[in-house]
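Undergrad: The structure that follows is given in the form of structure tokens.
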Amino acid sequence: MTGMDKAAGMLAAAERVVVFTGAGISAESGIPTFRDALTGLWARFDARQLATPEAFRDDPDLVWGWYEWRRAAVRRVEPNAGHRAVAAIERCVVVTQNVDDLHERAGSRSPIHLHGSLFEPHCSACGLAAGDLPEHPEEPLGEGRRLPPPTCGRCGALVRPGVVWFGEALPTHAFEEAVEAAANADVLLTVGTSGVVYPAAEIPQVTARLGGHVIQINPEPTPLDEVATVNLTGPAAEILPALVDAAWPGRSDGS
Ligand code: BV8
Ligand code: ZN
């Protein structure tokens, strides 16, 4: 029996399924992963240096420009067959570390965003949601530009990206919901994450600890190999449709 057959059998028999995703599921839509080297204006940085409150405090225009460049990039791409296969898994709970909206645009209803979203900027002081941001006429923003963040309509402080930076707490409700779903899952698919950022990387481990099966989909080994019942090695846009088709023939749109 191949790993795919084993995984498909587990998935078909599961009552409660969680799909836990990282940047790798958006790679085939053309969105660089977090570990991909940064380019252009930000080439001299590691993403982990820029995705911090300190970086925004020290150079808000550089950091805001990076997030606006990423937001514009997401708006220009489409969900891929991996996102669509996840949306074809009925009643699954999607828990994502990604800040893009590709799961939603593929049809997954209310994915849990552990690290926030590019589309929910808010005031860095009073938290007021910043509403719709201006689209940048020069889209695509070439290799990006420094951009001054907008200021809050209520208190005048700088608007910041609606993401969780390193050193910041995850949204409590989202994390509790994710842990609860992972604890009750018969099967958790972990897709396209390097499994090194905490506490998000705890999620697949919760399922494994409580007796659920973890199926990992990734082209390369990660620390989550330790807790995976099955490792399906390869790209998400190829493996996920094949897995959904094997579990429920004809359900994924396969493309
Ligand atoms: C917290 C949003 C406490 C922003 C992100 C030491 C010092 C300081 C902190 C720490 C430390 N040790 C531990 C910590 C905690 C820290 C942490 O874990 N650091 C790591 C680096 C060790 N965590 C935090 O700071 C968290 N907060 O701990 O707060 C606290 C508590 C109370 C009160 C106050 C504070 C917050 C972490 C959240 C950071 N924000 N994102 C933004 O996007 O800009 S994290 C960011 O990186 C992503 O969101 C993602 O979650 C994470 C990892 O990225 P992945 O998604 O895994 O992507 P990656 O690029 O790493 O890997 C891609 C994978 O895809 C690879 O495996 C690749 O093989 C695979 N792949 C490639 N192509 C494909 C594919 N897979 C499938 N198909 C393909 N085609
Ligand atoms: Zn404000």
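The values are calculated or read from the model by the stated rules, or taken from the named source; none is laboratory data. Just so it is clear, the model here is predicted, and its values are computed rather than measured. Positions of Cβ are generated from backbone atoms using ideal geometry, with glycine treated the same way; all protein chains shown enter the neighbour counts. SASA here: full protein model, heavy atoms, side chains in, ligands and nucleic acids out. Shrake-Rupley method; radii C 1.70, N 1.55, O 1.52, S 1.80 Å.
Undergrad: If we count every other residue with Cβ under 13 angstrom of Pro171's Cβ, Lys/Arg +1 and Asp/Glu -1, where does the sum land?
TA: Charge balance near Pro171 sits at -4.
Undergrad: Please report, in cubic angstrom per residue, the volume enclosed by the convex hull of the alpha-carbon atoms of the stretch 46-132.
TA: It is 115 Å³ per residue.
Undergrad: Have a look at Val86, Val163, Val197 and tell me which one the Gaussian network model of the chain (Cα, springs below 10 Å) gives the largest fluctuation.
TA: Maximum among the listed residues: Val197.
Undergrad: Roughly what would the spin-label model give for Val179 and Arg209, points 7 Å off Cα along C-beta, in nm?
TA: Simple spin-label model gives 0.9 nm for this pair.
Undergrad: I've got another one for you. Remind me, relative contact order of the chain in percent, using alpha carbon pairs under 8 angstrom and six or more residues apart?
TA: Once divided by the residue count of the chain, the mean separation gives 26 percent.
Undergrad: At a 1.4 Å probe radius, carbon and sulfur cover how many percent of the accessible area of the chain?
TA: 53 percent
Undergrad: How far apart, in nm, are the 7 Å Cα→Cβ label points at Val196 and Trp248?
TA: Label-label distance for Val196 and Trp248, simple model: 3.5 nm.
Undergrad: So what's the net charge close to Ala47: Lys and Arg +1, Asp and Glu -1, counting the other residues with Cβ under 9 Å from its Cβ?
TA: 0
Undergrad: In addition: Choose one answer from Gly65, Gly153, Gly234: the residue with the largest mean-square fluctuation in a GNM of the chain with alpha-carbon springs under 10 Å.
TA: Gly153
Undergrad: Which residue, Cys126, Cys92, Cys152, has the most motion in a Gaussian network model of the chain that connects Cα atoms within less than 10 Å?
TA: Highest fluctuation of the listed residues: Cys126.
Undergrad: Output needed: percent of Cα pairs per 5 Å distance bin for the stretch 134-255, bins running from 0 to the one holding the longest distance.
TA: 2, 9, 13, 14, 14, 13, 11, 10, 9, 4, 1
Undergrad: Under 14 Å from the Cβ of Asn218, count the other residues' Cβ atoms, weight Lys and Arg +1, Asp and Glu -1, and hand me the total.
TA: With Lys, Arg at +1 and Asp, Glu at -1, the net is -4.
Undergrad: Can you give the log10 of the normalised intensity I(q)/I(0) at q = 0.09, 0.16 Å⁻¹, computed with Debye over equal Cα scatterers of the chain?
TA: For the chain at q = 0.09, 0.16 Å⁻¹, log10 I(q)/I(0) is -0.40, -1.16.
Undergrad: Leaving out ligands and nucleic acids, note down the accessible area per residue over the chain with a 1.4 angstrom probe, in whole Å².
TA: With the other protein chains kept in place, the chain gives 46 Å² per residue.
Undergrad: Which of the three applies to the stretch 173-214, rounded, prolate or oblate, going by the alpha-carbon gyration tensor with a ≥ b ≥ c and a/c under 1.5 meaning rounded?
TA: Cα axes put the stretch 173-214 in the oblate bin.
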